[in-house]
1. For residue 81 and residue 32 in the same chain, what is the full-extension length gain: residue separation times 0.36 nm, less their Cα-Cα distance, in nm?
2. Using a simple spin-label model with points 7 Å from Cα along the Cα→Cβ vector, what separation in nm is obtained for residue 148 and residue 6?
3. Nearest 500 deg cm²/dmol is fine: what mean residue ellipticity at 222 nm does the chain get from its DSSP H runs of n ≥ 4 alone, each adding -39,500 (n - 2.57), divided by its residue count?
4. Cα centroids of the stretch 1-69 and the stretch 138-195: how far apart, whole angstrom?
5. Mind ordering 127-136, 59-68 by average Cβ neighbours within 10 Å, highest first?
6. Based on alpha-carbon atoms only, what is the radius of gyration of the chain relative to the globular estimate 2.2 N^0.38 Å?
7. Can you compute the label reach from residue 63? Point 7 Å from Cα along the Cβ direction, backbone N cut-off under 16 Å, restricted to the stretch 31-45.
8. Explain nothing, just the number: relative contact order of the stretch 69-161, from Cα pairs under 8 Å at least 6 residues apart, as a whole percent.
Ligand SMILES: C[S@@+](CC[C@H](N)C(=O)[O-])C[C@H]1O[C@@H](n2cnc3c(N)ncnc32)[C@H](O)[C@@H]1O
């Protein structure tokens, strides 16, 4: 993996939910682009402090469910503190490892990784995403365009759309659509490849 498993430093996690970030990355519109809708079960893998998971929970509504999955205890602690103050009860924070997501096989309609693909240390997390997706489920990726932006991960750690597509393909996914997800990011939708 280009990022070599390099993780976002949890000491800077307040930035993830900042107005500055919201000015160039708009979670509700990106989630709408992936057709997230009422009643869906969603796994936000590498959820951080809930920048996408919280609006996703509003979109799936009371009949739906969002699992915010992360391997960082600090990220999950901040997210749980937000949940204590929130209404709803359809968002659950779960601790994962690089190779294990604590959800059953074929349990979610949509698995989502925002700014996480370039941090993966190997194929384990994507194989887990494939395992937990229902047969007709979809994978959504948002990640940094591979260019100098003056902030964000170093260019050498980023994957361009073709590299990202190859990583997905190696894990058994078939990319179906690539789109602009803001000035600095692209989106990729994929489904599980039929053998
Ligand atoms: C840059 S942050 C993005 C957080 C969130 N998706 C967002 O956009 O606000 C990357 C997050 O992915 C998590 N992460 C990295 N590799 C992971 C993996 N293999 N499984 C689960 N979480 C992972 C990190 O702990 C961190 O919280």
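Every read-out reported here was derived from the displayed coordinates using simple, explicitly stated rules and does not represent laboratory data. Here the structure is a predicted model, which is why all the values come from computation and not from measurement. Counting neighbours? That spans all protein chains shown, and the Cβs are built from the backbone with ideal geometry, glycine included.
1. Taking residue 81 through residue 32 to full extension adds about 15.0 nm, to one decimal.
2. 1.6
3. -7500 deg cm²/dmol
4. Here the two parts' Cα centres lie 15 Å apart.
5. Packing proxy ranking, top to bottom: 59-68, 127-136.
6. 0.93
7. 36-42
8. 25
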